[in-house]
Amino acid sequence: MSGDWSTGFCSWCAEPGGAATCLYTWCCPCCAYGSEVEKLGPGVICGGNCYGACLCYYISYMFGVCCLVHMGARGRIREKYGIPGSGCTDCLLTMCCPLCAICQETREITKRG
């Protein structure tokens, strides 16, 4: 399956997941990111391990460089589902609004999963 993202970048409460995905990501972005990476499986940071990805995201977040970790997973999602884009765009989106990016990625994995 290929094409564009199924939901918009700022469609926080869009289905699937709705407001629950948004709230989960807002309350614990590290856990939401770890859950996302686990669904992607091998080929992403920490080999698709939820706890490892969560810890890696947390540490990078503390240093303000979570986009360096996050953009790899976003790129993997784009590659897996044939979504157009670039590493530069992934970097900008994950740096400027990582919570919006996690919500959009989670919806995409759930929808196409």
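The values are calculated or read from the model by the stated rules, or taken from the named source; none is laboratory data. Computed from a predicted model, the values in this text were never measured in an experiment. Here Cβ is always computed from backbone atoms with ideal geometry, including for glycine, and neighbour counts include all displayed protein chains.
How many residues are part of a loop (DSSP other than H, G, I, E, B) and either of a type in the set (Lys, Arg) or touching a Lys or Arg at 6+ places or on another chain (Cβ under 8 Å) (or both) if we restrict to segment 66-88?
Summing the residues that are part of a loop (DSSP other than H, G, I, E, B) and either of a type in the set (Lys, Arg) or touching a Lys or Arg at 6+ places or on another chain (Cβ under 8 Å) (or both) in segment 66-88 gives 2.
Regarding residue 37, is this residue touching a Ser or Thr at 6+ places or on another chain (Cβ under 7 Å), hydrophobic (A, V, I, L, M, F, W, C), part of a helix (DSSP H, G or I) and without any contact (Cβ under 8 Å) to a residue 60 or more places away in the chain? Spell out how you get there, then give the answer.
Details: touching a Ser or Thr at 6+ places or on another chain (Cβ under 7 Å): no; hydrophobic (A, V, I, L, M, F, W, C): yes; part of a helix (DSSP H, G or I): yes; without any contact (Cβ under 8 Å) to a residue 60 or more places away in the chain: yes.
Answer is no for this residue.
Table: residues versus (1) surrounded by 15 or more Cβ atoms within 10 Å (Cβ to Cβ); (2) at pLDDT 95 or above; (3) polar (S, T, N, Q).
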position: 21; (1), (2), (3): yes, yes, yes
position: 34; (1), (2), (3): yes, yes, no
position: 39; (1), (2), (3): yes, no, no
position: 42; (1), (2), (3): no, no, no
position: 66; (1), (2), (3): yes, no, no
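Do you know which residues across segment 13-34 are in a helix (DSSP H, G or I) and among the aliphatic types (A, V, I, L, M)?
Looking only at segment 13-34, we keep the residues that are in a helix (DSSP H, G or I), and these are 18-27, 29-34.
Hits for segment 13-34 are 19, 20, 23, 32.
Residues being polar (S, T, N, Q) and touching an Asp or Glu at 6+ places or on another chain (Cβ under 7 Å): count how many of those fall in segment 1-45. Spell out the reasoning first.
From segment 1-45, those polar (S, T, N, Q) are 2, 6-7, 11, 21, 25, 35; that's our starting set.
Remaining after also requiring touching an Asp or Glu at 6+ places or on another chain (Cβ under 7 Å): 6.
Adding up the residues that qualify gives 1.
So if I check each of 102, 59, which one is modelled with pLDDT of 95 or more, more than 13 Å from residue 4 (Cα to Cα) and surrounded by 21 or more Cβ atoms within 10 Å (Cβ to Cβ)? Reasoning before the result, please.
Numbers: 59 fails: surrounded by 21 or more Cβ atoms within 10 Å (Cβ to Cβ).
Just a single option satisfies the conditions, and that option is 102.
Of the residues that sit in segment 40-65 and are aromatic (Phe, Trp, Tyr) and assigned to a helix (DSSP H, G or I), which one is nearest to residue 96 (Cα to Cα)?
To start, the set of residues in segment 40-65 that are aromatic (Phe, Trp, Tyr) comprises 51, 57-58, 61, 63.
Cutting the leftovers down to assigned to a helix (DSSP H, G or I) gives us 51, 57-58, 61.
Working: 51: 24, 57: 15, 58: 17, 61: 13 Å.
Filtering first and then ranking leaves 61.
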